[in-house]
Each structure stands twice: as structure tokens, then as C-alpha cells.
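The values are calculated or read from the model by the stated rules, or taken from the named source; none is laboratory data. Not measured: the values here are computed from a predicted model. A quick note on method: Cβ atoms are made from the backbone with ideal geometry, for glycine too, and the neighbour counts reach across all protein chains shown.
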């Protein structure tokens with residue numbers, strides 16, 4: 001695969017570095033908060049059945065870093081917590097209110113195994129954390145790099161913007177006095193089988209943007225690591241309200257070149273200038 005695209009190996013090793021740091025924090029939290037329940041043999045064992053609900057609540061309150069590993073051990077997902085307890089929880093959050101910790105402890109306690117080894121708990125956390133970080137690296141972090149580069153190259157204040165009563169969000173919108181002049185949807189299509197679904201999402205957003213702002217221009221910046229199949233994407237966008245497509249890859253050089261191309265095809269005058277419709281396009 002072209003080096004301009006993200007490789008599984010690159011994503012994994014970047015996430016792995018972050019996981020090593022988290023592993024040490026997890027070990028410290030376990031030794032600090034659960035030291036009364038640790039037994040040593042070939043591995044350190046946590047006697048989870050001896051932990052009462054009130055103490056588990058304190059553990060979660062004082063060391064929320066343990067939450068993801070514990071609920072994963074119980075096969076409890078965020079959706080289940082939302083469904084059964086009625087609130088959202090950030091499983092990788094750095095703080096947890098005591099009342100939430102109490103509710104979670106009561107919910108988790110019946111599902112906990114009698115014992116679990118330290119290494120097993122660390123491994124469970126490692127697997128889920130690596131997956132989460134890889135998604136972040138190739139998702140929101142990559143998108144943020146694209147937006148920041150577009151702002152720097154254009155000299156314009158591109159930013160996320162909701163419209164149509166907050167039903168839709170543009171990844172990078174250029175606005176003047178509340179009117180969106182240029183909207184850019186930044187999308188990763190990781191597999192050819194996702195072309196129809198992701199393309200339809202982009203096309204639908206373009207339709208709604210132009211219904212709300214009839215003079216707006218709409219562009220798509222697409223990550224698609226199958227260059228030989230780009231024609232399938234272009235066929236999908238034919239006769240749509242998308243004004244142009246720019247392909248973007250993972251490297252800084254590719255992102256910069258793609259942003260330069262977008263500024264050119266969108267005919268964006270590089271700022272700063274007076275904020276009027278004529279000045280922007």
C-alpha cells in the first residue's frame with residue numbers, strides 16, 4: 001500500500017506507545033486502591049468478590065482510569081449503561097462524580113468475577129485502549145489536522161458548524177455573518193464496500209446545506225486508500241450537489257497539497273480580507 005496512507009502497523013505502534021503509559025497508571029491505581037485485595041502467586045490476583053459496593057464506588061471515584069477495564073471484564077458496554085442506568089459515561093474520562101460512581105458500582109458488582117489477575121485486567125484494558133486510540137488517530141485526530149491545515153493555508157477561519165436546527169454538522173465551514181459560504185465534509189472511506197453508504201451521507205449533507213444556504217458551495221475531502229477504484233466514488237457523485245472532490249491521504253505533505261487544491265478549486269481568496277460574500281469566494 002502507498003506510504004501516504006495509514007498502515008495498520010503505524011496505527012498500532014502509535015497506539016501502543018500510549019498504551020504503555022496507560023498501563024503504568026493502571027498498575028499504580030490498582031496497587032493504591034485495591035491493595036487490600038491483592039494476593040501474590042505466579043501473578044497478583046484481585047479478590048473482586050470481597051469488594052463491597054460502597055468500596056467499589058470509592059475506587060471508581062478515586063481512580064476512574066479503572067472503569068473501562070472493569071466494565072470490559074464484565075462485558076458491559078457504554079450502550080448498556082445508557083440503557084439500564086439512563087446516563088452516558090466516558091469510560092476513558094479522568095473524573096467521575098461520586099453519585100455516578102455509586103450507581104456504576106451497584107450495577108457492575110453482580111457481574112464481577114470472583115477473582116481476576118492483575119495481568120488479565122491489564123490485558124483487557126490494553127486491548128480496548130489500543131482499539132480506541134487507533135480509532136482516534138485515524139478519525140478525529142486526522143480530521144483535526146486537515147482542518148488546521150486548511151485554516152493555515154487559506155488564512156480563513158474554517159471550523160465545525162451545525163446547521164438546519166443542529167440536525168447536520170459541517171466538518172469545516174467558512175461563514176460570514178452566520179451564512180455558510182463554503183462547506184467541506186471530511187470523510188474516511190476505509191473500504192470499497194463503504195462507498196455507497198459514505199457517499200450517500202456526503203450527498204445528503206450537501207443537499208441540506210444548499211437548501212439552508214442556496215449560494216453555498218459544498219466540497220468533499222475524502223480519504224480512500226484504493227486509488228484504482230476512485231472512479232466508483234466519482235460516479236456516485238455525478239450529478240449530485242457536491243461541487244468538487246479532493247482526495248487526501250495521511251501524511252502531512254498530502255494533507256497540505258490537498259488543502260492547497262481545495263483552496264484553488266473553491267476559488268477561496270486567501271485571507272484575511274473584509275468578511276463579505278464577495279471576499280470569500
- Note on the structure: Across the stretch 234-272, the tally of residues that are assigned to a helix (DSSP H, G or I), out of contact with any strand residue (DSSP E or B) (no Cβ under 8 Å at 6 or more places or on another chain) and more than 22 Å from residue 180 (Cα to Cα) stands at 8
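Matching residues to (1) crowded, with 19+ Cβ neighbours inside 10 Å; (2) more than 25 Å from residue 131 (Cβ to Cβ):
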| residue | (1), (2) |
| --- | --- |
| 31 | no, yes |
| 46 | yes, no |
| 75 | no, no |
| 80 | no, no |
- Item | Options 175, 220, 206; residue that is more than 19 Å from residue 261 (Cβ to Cβ) and either in contact with a strand residue (DSSP E or B) (Cβ under 7 Å, 6 or more places away or on another chain) or modelled with pLDDT under 95 (or both) | 175
- Query: Looking at the stretch 63-70, is at least one residue surrounded by fewer than 15 Cβ atoms within 10 Å (Cβ to Cβ) and either touching a strand residue (DSSP E or B) at 6+ places or on another chain (Cβ under 6 Å) or in contact (Cβ under 8 Å) with a residue 12 or more places away in the chain (or both)?
  - Reply: no
- Per the filter on the stretch 160-179, residues within 10 Å of residue 209 (Cβ to Cβ) and crowded, with 21+ Cβ neighbours inside 10 Å are 163, 170, 173
- Pairing a residue in the stretch 161-176 that is within 19 Å of residue 271 (Cα to Cα) with any residue that is in a strand (DSSP E or B), where Cβ atoms lie under 6 Å and the two sit 6 or more apart in sequence or on different chains, gives 172/184; 173/161; 173/180; 173/183; 174/181; 174/182
- What are the pairs, 6+ residues apart or on separate chains, where a residue within the stretch 250-266 that is assigned by TED's automatic domain parsing to the domain that holds residue 219 and without any contact (Cβ under 8 Å) to a residue 40 or more places away in the chain has its Cβ under 7 Å from a residue that is buried (at least 17 other Cβ atoms within 10 Å of the Cβ) and not in a loop (DSSP other than H, G, I, E, B)? 261/246
- Task: For the stretch 226-233, state whether one or more residues are in a helix (DSSP H, G or I) and surrounded by 17 or more Cβ atoms within 10 Å (Cβ to Cβ).
- Result: yes
- Query: Only one of (1) without any contact (Cβ under 8 Å) to a residue 12 or more places away in the chain; (2) in a helix (DSSP H, G or I) fails for residue 84. Which number is that?
  - Reply: (1)
